[in-house]
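Trainee: I am attaching a structure below and will ask some questions about it afterwards.
The values are calculated or read from the model by the stated rules, or taken from the named source; none is laboratory data. Predicted, not measured: the structure shown is a model, and the values here were computed from it. FYI the Cβ positions are ideal-geometry reconstructions off the backbone, even for glycines, and counts take in every protein chain you see. Quick note on the areas: whole protein, heavy atoms, side chains included, nothing else; ligands and nucleic acids left out. Shrake-Rupley method; radii C 1.70, N 1.55, O 1.52, S 1.80 Å.
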Amino acid sequence: LNHRRDDVPVPRPGHHPGWSNRASVDWRLETEIAPAWSLTVADRASGFVNDGRDAGADDLSNDLKEAYLTWRAGDRLFLDAGRVNLRNGVAVGFNPTDYFKTNAVATRVSEDPSVLRENRLGTVMGRALAVWEGGSATLAAAPDLRDGTVTGERSGSDLGLDRTNGRARLLGKVSVVVADDFQPEFLVHHRSGDSPAFGLTLTRAIGDRVVIYAEWSGQRRIGLAARDQQERLRSQVAAGFSYTTDFKLTANVELHVNEAGFTRGQWRQWFAAGAADARPPWRIRRSAREEQEPLNRYTLFVRAHWQDALAPDIDLTALGQTNLYDGSAFAQLEAAWRVADDRLLSLTAGGFLGGSGTEYGSQPDAATVVGKFTRFF
């Protein structure tokens, strides 16, 4: 269910339903098929019913999230080939070094970043992982698999290769064990047509309850704003800490910095441009959403997960993020009840808070409520 705003200064183009239903069959297989060989497959088939639109073929979809072979070429070398959901990064709310997240979300069923990391289409690639006592190294190569008929829309059984393999990419990653609880990771990523990006992740435990972490990525690129098209080195940073209690509550607090994001002045330009024609500003907002990067330059993110919160089988997850320029925010609360070992009920409520001239207050949806029943087989 969606509650719409009436005073949106930059209306979102197109039809957007007041409610929608989704039924999905989601399955994952991990099995050994021969000595030293294993197969991983993850798939989701979904059907949708939306308010104000007749059901049709476009309301059925199948997302092949992963399908790859793994060869254990010894105790320290592993080779993968196929569609792989390659995830990088140590932060929770935003991962600057998660270079394969672009355009990869299959069906956006939550705004929880930890859910989005799992619920996305993998990239067709070859990957090699070498492990030794003092660290590890990964090399991944993904080809350009566009078929020349890119429309920007997916339907039916379309594999979405124009999204995940729209350009050739190469990733190299090395981690080095400096101490028992300190293992920095260095990354370099290149996508055809772009300047190379360099990344670094750091984590360190402080006692038994606190972990501090940070990740950085730097690349020569243009800004998100329409008038910020000068290519220069721009950094993205996610830095924060987690705190774990005795009663199964884990909280994360993070600062997100995106030097390609909007400044105060660029937000004013965005609203002024939207008053004349909403389509170009919404293309920018949609692009940042698909890239899974903050549209704003400075954002505060918090998340708390409480296992067995109200009863032994009820978990609560709360998250929120705030634009540090205008104070607007997004908040989401999810309650999940494990009815049985094979059944899960959940209710998720989210809201965009702020005035009409703010980042989150200008969203057309003031609030959303999602109920979900999951059956495991």
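Trainee: Taking only the alpha carbons of the range 30-133, what extent do you get along each of the three principal axes, in Å, biggest first?
Mentor: Sorted largest first, the three principal extents are 58, 33, 17 Å.
Trainee: So, taking all protein chains as they sit and a 1.4 Å probe, how much accessible area belongs to Asp162, in Å² rounded to tens?
Mentor: Estimated to the nearest 10 Å², Asp162 gives 40 Å².
Trainee: At a probe radius of 1.4 Å, what is the per-residue accessible area of Ile314, in Å² to the nearest 10?
Mentor: It works out to around 40 Å².
Trainee: To the nearest 20 Debye, how big is the dipole of the range 263-355 about its Cα centre, given +1 on the beta carbon of each Lys and Arg and -1 on that of each Asp and Glu?
Mentor: Approximately 680 debye in magnitude.
Trainee: Shifting gears a bit: Rounded to the nearest 10 Å², what accessible area does Glu32 show when all protein chains are kept and the probe is 1.4 Å?
Mentor: 120
Trainee: State to the nearest 20 debye the size of the charge dipole of the range 207-277 about its Cα centre, where the only charges are +1 on K and R beta carbons and -1 on D and E beta carbons.
Mentor: Working: 9 positive and 8 negative charges, 54 e Å.
Around 260 debye, computed over the range 207-277.
Trainee: For the chain, what mean projected area does the convex hull of the alpha carbons give, in nm²?
Mentor: Dividing the Cα hull surface by four gives the mean projection, 20.3 nm².
Trainee: Taking a label point 7 Å from the Cα of Leu170 along the Cα→Cβ vector, which residues of the range 124-146 have an amide N closer than 20 Å to it?
Mentor: Backbone N within reach: 124-130, 137-146.
Trainee: Right, next: Cα extents of the range 231-377 along the three principal axes, largest first, in whole Å?
Mentor: 53, 31, 29 Å, listed from the longest principal axis down.
Trainee: Can you pull the one-decimal nm distance between simple spin-label points at Ile314 and Val178, each 7 Å off the Cα toward Cβ?
Mentor: Computed distance between label sites Ile314 and Val178 equals 4.4 nm.
Trainee: Next question, about the same structure. Among Ser175, Gly193, Gln229, whose Cα projects farthest towards the positive end of the dipole of the chain, with charges put on the beta-carbon of Lys, Arg (+1) and Asp, Glu (-1)?
Mentor: Gln229
Trainee: Ok, one more. Read phi for every residue in the range 327-340 and hand back ³J(HN,Hα) as whole Hz from Karplus 6.51 cos²θ - 1.76 cosθ + 1.60, θ = phi - 60°, with x for Gly and Pro.
Mentor: x, 6, 8, 10, 9, 9, 10, 10, 10, 10, 10, 7, 5, 7
Trainee: Summing +1 for each Lys or Arg and -1 for each Asp or Glu, what net charge is found among the other residues whose Cβ lies under 11 Å from the Cβ of Ser46?
Mentor: Summing Lys/Arg as +1 and Asp/Glu as -1 gives -2.
Trainee: If I model a spin label at Ala335 and Lys372 as a point 7 Å from the Cα along the Cα→Cβ vector, what separation in nanometres do I get?
Mentor: 1.7
Trainee: Top to bottom by accessible area (1.4 Å), largest first, where do Trp306, Trp37 land?
Mentor: Trp37, Trp306
Trainee: Something else about it: From the alpha carbon gyration tensor of the range 291-341, can you work out the equivalent ellipsoid semi-axes (sqrt of 5 times each eigenvalue) and give them in Å, largest to smallest? Spell out each step's value before the answer.
Mentor: Numbers: eigenvalues 185, 23, 11 Å².
Sorted largest first and rounded, they come to 30, 11, 7 Å.
Trainee: What nm distance separates the two modelled labels at Asn21 and Arg279, each placed 7 Å from Cα along Cα→Cβ?
Mentor: The modelled label-to-label distance comes out at 3.5 nm.
Trainee: Additional query: Can you sort Glu30, Glu334 by solvent-accessible area, 1.4 Å probe, largest first? Don't jump to the answer; show the numbers that get you there.
Mentor: Details: Glu30 130, Glu334 50 Å².
These residues rank, largest area first, as Glu30, Glu334.
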